[in-house]
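Colleague: There's a structure below that I have some questions on.
The values are calculated or read from the model by the stated rules, or taken from the named source; none is laboratory data. These numbers come from a predicted model, not from an experiment. Here the Cβ positions follow ideal geometry from the backbone for every residue, glycine too, while neighbour counts run over all protein chains shown.
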Amino acid sequence: MIARITRGHPYRHVMGFEAGEQRRADKDALFNTDRRTGEYPLIDWGWSRADAIDYTRSILGTSVGKSACTFCPFSFANKSSRAENFARYAEAPEVGARTLLMEHLALALNPAQGLVGGRRLIEMLREHQLDNVLDAFEAILESHEHAIYEIRRILRPRKTDPTKLGNAARSVRIRGRGSRASMHNILGRLATDGAAQNKVRPDLGDDGILRVYQHERGPVFPTVERYFVVAPALALPKEHANFDQWWTQALAAEAMQPAA
């Protein structure tokens, strides 16, 4: 977007880091080029967040709040920020519900993908008993078309240390669409029938999401995983053109590894 707007001309990229965020500004400055120059006026002026809010209030007569972004992980970084966000969600449950929808979809496609660092936002909202937000989230889920997703991953070793994970390639495919109930019914039958034939292992994660695994990642790289999961039909199918070739190679490499 920036490249399209600037059309190759030099530009100033003004960032709103406050006086206490010098480390973030230093990190951002690493992205400077002969065209892009980061500028940090609040730091230059010595303004804190409170100073900026006071100024906008003096001009507008009200505060614009910390962020227009309702799902930014940084906005949950400390107790006061969380309290501010949760108060916003309590006033507008649909805002919190949309944030939970984003987290839910991310978790379905990657169980490690909680919104707030090592924690899940939905757990935090349950702890704070924000039932109106949770009810709004449930209503959103019920209203959305759902899909059965096939997720495949190839996890490759790090070049400098083959015992550590390097990069991963992922394939996302949609295997069916329909109502939330119908998709869960189909996945449930797949889990029951496949487990009876010892072809799959159903796993109900601590996030409450059922995943039906055909391949589970092993302890040695390269390794693969493949599972089926139901989620709102909002993620697009996506995979590299060479993914099937890589998948075949990874399966063969994993089969040659000695048994643990």
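Colleague: Could you check the range 29-133 for helices (runs of 4 or more DSSP H) lying wholly inside it with 1 or more residues that are modelled with pLDDT of 90 or more and assigned by TED's automatic domain parsing to the domain that holds F17?
Modeller: Details: elements: 41-45, 49-60, 79-91, 93-109, 121-127.
Once the helices (runs of 4 or more DSSP H) in the range 29-133 are filtered for at least 1 residues that are modelled with pLDDT of 90 or more and assigned by TED's automatic domain parsing to the domain that holds F17, what remains is 41-45, 49-60.
Colleague: Can you tell me which residue among G208, G166, G176 is in a strand (DSSP E or B), of a type outside the set (A, V, I, L, M, F, W, C) and at pLDDT below 95? Steps first, please.
Modeller: Numbers: G208 fails: in a strand (DSSP E or B); G176 fails: at pLDDT below 95.
The conditions single out G166.
Residue-by-condition table, conditions (1) surrounded by 17 or more Cβ atoms within 10 Å (Cβ to Cβ); (2) within 15 Å of the chain's Cα centre (by Cα); (3) farther than 19 Å from V224 by Cα:
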| position | (1), (2), (3) |
| --- | --- |
| K79 | no, no, yes |
| E84 | no, no, yes |
| A92 | no, no, yes |
| I122 | yes, yes, yes |
| T160 | no, no, yes |
| G166 | no, no, no |
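Rundown of residues vs (1) aliphatic (A, V, I, L, M); (2) outside the structural domain of G114 (by TED's automatic domain parsing); (3) within 14 Å of A147 (Cβ to Cβ); (4) surrounded by 13 or more Cβ atoms within 10 Å (Cβ to Cβ), yes/no style:
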{"site": "A169", "(1), (2), (3), (4)": "yes, yes, no, yes"}
{"site": "D193", "(1), (2), (3), (4)": "no, yes, no, no"}
{"site": "R201", "(1), (2), (3), (4)": "no, yes, no, yes"}
{"site": "R217", "(1), (2), (3), (4)": "no, yes, no, yes"}
{"site": "P232", "(1), (2), (3), (4)": "no, yes, yes, yes"}
{"site": "A235", "(1), (2), (3), (4)": "yes, yes, yes, yes"}
{"site": "W247", "(1), (2), (3), (4)": "no, yes, no, yes"}
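Colleague: Report yes if R36 is of a type in the set (K, R) and touching a residue at least 12 places away in the same chain (Cβ under 8 Å), otherwise no. Give the steps one after another, and end with the answer.
Modeller: Details: of a type in the set (K, R): yes; touching a residue at least 12 places away in the same chain (Cβ under 8 Å): yes.
The answer is yes for R36.
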